[in-house]
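What follows is calculated from the coordinates using simple rules that are stated; it is not laboratory data. Note that this is a predicted model, so its numbers are computed, not measured. For neighbour counting, all protein chains shown are included, and Cβ atoms are generated from backbone atoms with ideal geometry for every residue, glycine included.
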Amino acid sequence: MHQIERYVQEGRLELSEVMATQFCDMMLAKKKREPQEQIFLLKGLRLMCDIYLLRDKADQSMASIKRMHGERKALVKLLQRHAPQMLEAMQPEHEDHLRAGRLFAAAGKQRAASKSFAKCEKLAPGHLAAAHTAADTLPNKAHVQRLLEAVARAGDVIHANGQFELQPTGSPPVALEVVLSSLRHGAANVPSLAQPCAAEITRLEGQQAAILAGEQAANARLQSALDSLQPKHDYYQYG
């Protein structure tokens, strides 16, 4: 499994697909799987889905998507019976729906993609990655409105690890440029929401400029938390 992941990182996608297919077939041939084997199978199916997307073969991923969701449910039942302490360590379910949504969108299956993105956002409200991907691939009014809500919910621009990004609570961070591009795309495709999109763009770009100028903390959320820990009064002044 680690070797397949390394090949994906190195861009050796054709070999990765062959190995991932063989691995999943081998695991599926085992009718009774231990919890760890079921975990490996699910991980292999996720890799298969990711490789299909990277290789522009989304139309071939439908069976893998269905199997991924099914084997996840099987893993939950298996862990509930034999290793309930491992349930919390599972990758969040909303990430699998985001993965499926991207593949459905790439395959031109708009209705299925929309349902997957909506499921992702239902499981993780304010999931910015799902909201911007939905607005990028299917820029209708509902998706652009959800994008605006997710952007507002994500809070202030943060400068971390050498890049500007938004860090929503409970879902992965998204690069600022990706968010700005999605807002511009949404404004161009849904004129009725062009003004609120423009307002968010102005707000985010203003925060980026303020951070660069040293007028705003690189991580306003963290700074606010630190400030709240400071004593309200200097008790030593009362001798």
- Simple label model, 7 Å out from Cα along Cβ direction - Arg12 to Ala218, nm: 3.6
- Can you work out the FRET efficiency for the pair Lys30 and Asn161, with r the C-beta to C-beta distance and R0 = 41 Å, to the nearest 0.05? 0.50
- Task: Over 18 Å, how big is the tail of the calculated P(r) for segment 125-230, in percent of all Cα pairs?
- Result: 46
- Across the Cα atoms of the chain, what radius of gyration and what greatest pairwise Cα-Cα distance (Dmax) are found, in Å? 21.6, 77
- Message: Order 108-120, 142-154, 125-137, 195-207 from most to least packed using the mean count of other Cβ atoms within 10 Å.
- Response: 125-137, 142-154, 108-120, 195-207
- Calculate, in nm to one decimal, what Met1 and Asp59 gain on full extension: separation in residues at 0.36 nm each, minus their alpha carbon distance. 18.5 nm
- Cα-Cα longer than 28 Å, checked against Lys32/Lys115; Lys119/Lys141; Lys109/Lys141, kept in input order, equals Lys32/Lys115
- Item | Partner aspartates and glutamates for Lys57 [C-alpha distance under 17 Å; skip if fewer than 8 residues away on the same chain] | Glu14, Glu17
